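Everything below concerns the one structure shown next.
The values are calculated or read from the model by the stated rules, or taken from the named source; none is laboratory data. Just so you know, these numbers come straight off a predicted model, no measurement behind them. Because the Cβ atoms are built from the backbone with ideal geometry, glycine has one as well, and the counts that use them run over all protein chains shown.
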Amino acid sequence: MRGVFYCRPVDLKSFFGISLAASCKCDSGLDSCRFNGSFFHVFLLHTGVRPCRVWRSYMTDIRGVGTGGVLNSALTRRGITIVLLLVVASIVVASFALKSIRHSAREHVAAMLSHTIDSTYGMMQFWEAEQRMQVENWAQAPELVSLASQLADSDHSQAALQRHPSQAKLRRLLAPEMRQHAYDGFFLIAPDHTSIASMRDMNLGETNPLSERYARPGSNNARQDILQRVFSGETVLSLPQPTDLPMSGESNAEATMFVVTPVRGPDGRIFAALSFRIKPENDFSRFAKMGRSGRSAEAYLLDATGRMLTGSRFEAELHRIGILQAGQSSILNFYLRDPGVNLMHQTGVPANYEASPLTLMATAVSQGKSGMNLEGYRDYRGVPVVGAWNWYPEKEYAVVAEIDVDEAYGLFDGMRTMLFVVLLAMIAVFMGMVFLMEGLNRSAGKALSVSEARYRQLFNLIPDAIAVHREGKIIYCNPAAVKMFGAVSGDDLIGYEVTGLVHPDDRQRIAGRIEQAGDSNGVDDMQEMRLLRLDGTPFTAEVEGCSFSDAEGVDAVLLVVRDISVRKLAEEERERLRVAVEQTPEGIMIADAQGVVVYANPGAAIITGRTQQELIGMLAAEARGGQVGDALFVEIVTSLKAGVSWYGEFSLIRPDDESRIIERRISPVMVNGKTLYHVSVDRDITDERHQKEHMEHTQRLESLGVLAGGIAHDFNNILSAILGNASMATKKLADRPDAAKHVLRIETAAQRAAELCSQMLAYSGKGRFVVKAINLSLMLKDIAKLLDVSVTKYAELDIDLLPDIPAVQADATQLQQVIMNLLINASDAIGENYGRISVRNGQITVKDGEFAQSYTGEVLAAGEYVYFEVSDTGCGMSEETRKKLFDPFYTTKFTGRGLGMSAVLGIVRGHHGAIVVDSVEGEGSRFRVLLPAFAGKKGEGVKKLEEDIDWCPTGSILVVDDEETVREMAVMMLEEIGFGTLSAEDGVQAIEAYREHHDEIALVLLDMTMPRMDGRTCFAKLREMNPDVRVVLSSGYSEQDATNSFADHELAGFVQKPYRLATLRAKLREVLEG
C-alpha cells in the first residue's frame, strides 16, 4: 500500500535542501519528498527512544550530506589543522560544559530540596486534615453525643464519674478507634475544662491538661488557650508539646500531641470537647522520615525557637556525642545550634555548646523567613550542608530539607574528572576520523537513500499524528494527523494555525512555547494537553516538539501527537477500582492459576494477620493456615476447575495461632475457557458467630427458665393442698402415732417436692426473696452444724470467717440454699477419697469490667462486694463440664436432677451478684459468690420460726382462689386456727362476698392469677369499697415477682404457696396484730 503525506506545494527545496517535485500531495515513490526524520521519529517513539533528538540529528545529516554530495578531498589534506582546531574547541567546550554541569547540579539539588519540602508538607497537610476529619466524625456520632451528654449533665466529681455507666460505655465505644489509629488516649472535656471522660480514672474530675499547658507557643493571639478555641467552634491539632503524662508502654514520655474538636448537642450548642492523644513519633515524624535519601539527605520540622519537632536521622550520633541523653528522643529535646566544628569526628559535647548560636537556617526560621542555601553552611552536627526551608506562619513551624555538600555535589566532581578523560578520548577519535571520513563519505549517499525509503514507509503507517509547523502554521502532516483531527484531507490542515487546534484553556501556555521554540534549537519535554478536532470536539493528547533548522537555516518545529483519551478514561476507572478495593474492610486477594497470591488488599492483611508483602508470593492455601492437598483445597479447586464460584466458611489460623472464622467467596477469572486468576473475597465473621451462639444459648436458658417457673408455680398450687391437708391431718392424728407416721411421710415428701419447685423458681429468677440485711459471717456460724453433717465423712470441713464484714441485702433462706448446694457439690467431688472442703468469706473492691466473664452473664458494677467461697480438693472439672455447669437438668451424678447449680445461678443473679469458678481437673475446684455490700446495717444471722399456738383470733377471713383444693385447704386451716371463713373462686365472687359481709370480714386471703378477674383488679376494687381493707396475697411465685404488680397499693402481707398451718398462723397474727 502506498502511503501519502501532505505538504505545502512550495519551498520544499528550501526546507529540506534537496530537489523535490513541487506538489501538494506526494506519493511514497523513491523520488518523492525526503521526509525521512518523521519516519525515524515514529519508529523510535514506539521503542522508547526520544524521537525528536534523533530527528534533529537526522536533519543535520541531510544538510551535511545532501542528495549524494561528497566531502571535499581538501578536508583530508587539512586533517591535522582540523584536529588542532578541534582540540582547542574541545577545551573551550569543556570549560563551558563544566560551568553548565555545575549550574545543572545546583538546579538539581535545588529542585530535589524543594520537592522534598513540598511533598513533606503536602503529606503533613493530608494527615492533619485526616486527623481533624476523624475526630469531627466521632464528635458527630449520635451514640457518642448521647453518652457525652449524660456525663456532662452528671456530677463531675471523680467518684461519680467513675461509677457513671456511660463512662464504661464510652470507653468501649472509642476503644476500636484508638486501636485502629494508634491513639494513646482520649478526653471528654466539659466547658469548665474538667475532664469528664478518659481511659484512665485518675484523670476524671480533674482540670484537663490542655487548659493548663498546651497553648500555642509563639501564637499571634497571645497564647490563646486551645480549649477556648475549641469551645468557640474550632477543631485544633496541637504541635508536639512537652508532657509529664506517660503514654501507654512508656515510663517517661517527653512529647505528645492532641487533636480536639467541639461536641454539639441536637440544638447545635457546644457542651463538651472531644480530644484524642497522638504520639508525635508515629505519623507526625513518619512523614518527615520519607524525605530521607542517600547517605545524608533528611527532612524535619522545627518551631520558631529553633527546636526540632520531629525525629532526627542522626539521632544515634547525637546520643554518641552526648547532645541527647540515653533513651531520649530528638523531638523537642535540642535546639539546632551551630557547634563551629564537625562533631562527627569527635566525642563529647563542646564546652560552650549551649551558648552556640543557631544554625544559619534555624536563625532564618526564628525570624519567620523561608529560604535556600546552595553554597553550604554548618548544620547542627557541624557538617557542611546545603538546604532549603519554608516557614509556614499559619502552622507555626518550618519544613527543612538538607543534604551534605559532599553528597550533593559528588556527581559534579566525578563528571569533571570524567570530562577530562572524555576530552582526551575525543582527540584520539578526531585523529581517527580524519582517516575514516573519506571512506565513510563514499557510502553516505547510498545509506541515506536506503534509510529514506524505510523511514518514509514507517511515517505513513504510524498511528501517531506527525506535523511540522513554521511560525505557528502547519506546513506538513501525515495521514494519522488527518484522521486524528477529523480532517477530510491534508489540505484542511495545511496552513492551519497550531493554536487553533489547542483547547482555549491551554492556548496561552502553548502560544508562549511556540514563540520560545523559534529562539531555541532543542527538544521539548513530552507534554499532556487538551486539543480540539476541526469540529470542536476536545480530546487529551501527549505532544512532543522538536525545533530544528533546515539546510538553508530556516527554523521549523516537528510535532508528534498521540491521542490518549481512551487511556485516560481507563486510568481513571482503574484508579477508582483501586481506591475502592484498597479501602474496603473485606479481604480481597488475587491468585494465579497455581494458587500463588499476586495481590492482597489491606483488608486481607488485617484478616490474615500478615502484611501485604508477606501475602504476595504465598500460596493461598497457606495464607488461610492450611496446605495444598487438604480437604478444603480439593473442594475449592474442584469448583474452580468447573468454572463455578466457591462459597463457604473455614477456620483461619493466624501466625499468632489465633483462630478466626472466615466467610469466603472465590470466583475464577476465565479467558477463552481457561482460568487465569482466582479472586477471593473474605469477611471475618468470628465476632458475629460468637455473638449469635451466645444469644442462642441465652435464649435457650431463658426459655427453660420461663418453663421451669411456670411448672413450679402450678406444682406449688397442687402441693399447697397436699402439704396443707397433711399438716392438718398430722395435728389431728397426734393420738394415733401409727397413722400419723404415714401422714408425716406424705408431708415430708410434699416438702421435698416444694423444695424442688423452689429450686426451679430460683433458676428462673422467680424464687421467694424476703430481702433483709444479712451478715454472712453470722449466718454461716448459725448453720455451721448443718454444714458439718452435710459433707462426706471422708472430707475435713474448714470454716474460716471474718468477724467484721459489711452486710448484704439478701434472702437468708435462698443464701442457705446456695451454700448448701455448693457444699454438697464439693462433698460429691471428693467422694470416697480423703480431702478438704474450705468455706471462707471476705470483702473485695471490684473495678469496672473486672468480672465481665462471670457465669451470670452480666457485667458486675464497680464497687464494694462481700464474697463467700467454697473450695475443695476433689476431682475438679473438665472444660466441657465447666461450660455446662449451670445448664438446667445437666448433671454428672447418677441420681442427680441437674437443678442444684441452676438454682444457685438463679439466686445469685436475682441478688445482682456474680459467680466465679476456678477448677483444675484432678486438683479441685473453687466457687466464689460475690454480693453487693450493704452499708445500711451490720446485718443479722438466721432466726428460727417459732410456732405460737396460744393465739386466739376472732372474725372471718375471705379466701379467694380459683383452685378448689387450695381454697378448701385454706378454709380448713383458717377454721383450725379459729377464724370464720368465706370463700370465692374468682375476683368477681370475692367483690360480691365482701360487699355483703364486709362488716364481719377481718382479712382477705387473695390469689394472684384467676379467671374473669385477677388478684390485682380484685384488690383495687376492694380498696375502692374499703381503703382500710387488709389483704394478704398468696401465690406460687416469689414475693418479689408477685407483689410487683401491686406496687401502687399497700398489701398487708404475703404468704408463698405451699404453706403449713404454722406459717399461715404466724403471718395472719403478724398482719392482724401489727
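Observations, loosely collected:
- Pairs linking a residue in the stretch 1017-1034 that is within 18 Å of Glu1000 (Cα to Cα) to a residue that is part of a helix (DSSP H, G or I) and basic (Lys, Arg), with Cβ atoms under 7 Å and 6 or more positions apart or on different chains, are Met1025/Arg995; Val1029/Arg1023; Val1032/Lys1067.
- Scanning the stretch 554-569 for residues that are of a type in the set (Gly, Ala, Ser) and surrounded by fewer than 19 Cβ atoms within 10 Å (Cβ to Cβ) returns a single hit, Ser565.
Quick grid of which residues meet (1) closer than 30 Å to Leu559 by Cβ; (2) at pLDDT below 85; (3) of a type in the set (Val, Ile, Thr):
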site	(1), (2), (3)
Leu423	no, yes, no
Met437	no, yes, no
Arg454	yes, yes, no
Pro479	yes, no, no
Phe485	yes, no, no
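- Subset of the stretch 637-657 (residues that are surrounded by 11 or more Cβ atoms within 10 Å (Cβ to Cβ) and under 25 Å from His690 (Cβ atoms)): Trp646, Tyr647, Gly648, Glu649, Phe650, Ser651, Leu652, Ile653, Arg654
- Of the residues making up the stretch 148-167, those that are surrounded by 19 or more Cβ atoms within 10 Å (Cβ to Cβ), touching a residue at least 40 places away in the same chain (Cβ under 8 Å) and of a type outside the set (S, T, N, Q) number 4.
- Cβ-Cβ contacts under 6 Å between residues 6 or more apart (or on different chains), taken from a first residue in the stretch 85-101 that is assigned by TED's automatic domain parsing to the domain that holds Ala428 and closer than 12 Å to Ile427 by Cβ to a second residue that is of a type outside the set (Ser, Thr, Tyr) and modelled with pLDDT under 80, are listed as Leu86/Phe430; Val87/Ile427; Ser90/Leu423; Ser90/Met426; Ala94/Leu419; Ala94/Leu423.
- Number of residues in the stretch 978-993 that are of a type in the set (D, E, K, R) and either farther than 22 Å from Leu1068 by Cβ or surrounded by fewer than 18 Cβ atoms within 10 Å (Cβ to Cβ) (or both) equals 2.
- Candidates Leu336, Leu358: the one that is at pLDDT 90 or above, within 11 Å of Arg381 (Cα to Cα) and under 44 Å from the mean Cα position of the chain (by Cα) is Leu336.
One line per residue, one yes/no per condition, for (1) under 60 Å from the mean Cα position of the chain (by Cα); (2) touching a residue at least 60 places away in the same chain (Cβ under 8 Å); (3) not assigned by TED's automatic domain parsing to the domain that holds Ala810:
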position: Gly980; (1), (2), (3): no, no, yes
position: Tyr994; (1), (2), (3): no, no, yes
position: Pro1011; (1), (2), (3): yes, no, yes
position: Asp1014; (1), (2), (3): yes, no, yes
position: Val1055; (1), (2), (3): yes, no, yes
position: Leu1061; (1), (2), (3): no, yes, yes
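- Screening Phe287, Phe276 for residues that are aromatic (Phe, Trp, Tyr), touching an Asp or Glu at 6+ places or on another chain (Cβ under 9 Å), surrounded by 17 or more Cβ atoms within 10 Å (Cβ to Cβ) and within 22 Å of Pro240 (Cβ to Cβ) leaves exactly one candidate, Phe276.
- Residue tally, condition closer than 28 Å to Leu174 by Cβ and either without any contact (Cβ under 8 Å) to a residue 40 or more places away in the chain or in a strand (DSSP E or B) (or both), over the stretch 273-309: 7
- Residue within the stretch 322-337 that is among the hydrophobic types (A, V, I, L, M, F, W, C), within 30 Å of Phe412 (Cα to Cα) and in contact with a Phe, Trp or Tyr (Cβ under 8 Å, 6 or more places away or on another chain) present: yes
- Taken residue by residue, the stretch 239-259 has no member that is surrounded by fewer than 18 Cβ atoms within 10 Å (Cβ to Cβ) and either outside the structural domain of Ala175 (by TED's automatic domain parsing) or at pLDDT 90 or above (or both).
- With respect to the conditions (1) under 29 Å from Asn282 (Cα atoms); (2) hydroxyl-bearing (Ser, Thr, Tyr); (3) assigned by TED's automatic domain parsing to the domain that holds Ala89, Thr417 lacks only one, and its number is (1).
- Flag if Glu688 is at pLDDT 75 or above, outside the structural domain of Val598 (by TED's automatic domain parsing), in contact with a strand residue (DSSP E or B) (Cβ under 9 Å, 6 or more places away or on another chain) and not hydrophobic (A, V, I, L, M, F, W, C): yes
- Where a residue in the stretch 327-344 is crowded, with 21+ Cβ neighbours inside 10 Å and its partner, wherever it lies, is acidic (Asp, Glu) and not in a loop (DSSP other than H, G, I, E, B), with Cβ under 7 Å and at least six apart: Ser330/Glu315
- Candidate set: the stretch 800-810, residues that are surrounded by fewer than 20 Cβ atoms within 10 Å (Cβ to Cβ) and assigned to a strand (DSSP E or B); chosen: the one nearest to the chain's Cα centre (by Cα): Gln809
- In the stretch 816-841, the residues that are surrounded by fewer than 23 Cβ atoms within 10 Å (Cβ to Cβ), assigned to a strand (DSSP E or B) and in contact with a helix residue (DSSP H, G or I) (Cβ under 7 Å, 6 or more places away or on another chain): Val839, Asn841
- Residue within the stretch 181-190 that is free of Cβ contacts under 8 Å to residues at least 12 places away in the same chain, assigned by TED's automatic domain parsing to the domain that holds Val230 and surrounded by fewer than 17 Cβ atoms within 10 Å (Cβ to Cβ) present: no
- Any chance Thr813 is modelled with pLDDT under 85, surrounded by fewer than 16 Cβ atoms within 10 Å (Cβ to Cβ) and of a type in the set (S, T, N, Q): yes
- Residue check, Thr194 in contact (Cβ under 8 Å) with a residue 60 or more places away in the chain, within 30 Å of the chain's Cα centre (by Cα) and either crowded, with 17+ Cβ neighbours inside 10 Å or closer than 30 Å to Met426 by Cβ (or both): no
- For the stretch 537-552, the tally of residues that are modelled with pLDDT under 90, within 53 Å of the chain's Cα centre (by Cα) and loosely packed, with under 15 Cβ neighbours inside 10 Å stands at 0.
- Qualifying position, being assigned to a loop (DSSP other than H, G, I, E, B), assigned by TED's automatic domain parsing to the domain that holds Ile606, closer than 14 Å to Ala591 by Cα and not hydroxyl-bearing (Ser, Thr, Tyr), among Gly625, Gly643, Gly617: Gly617
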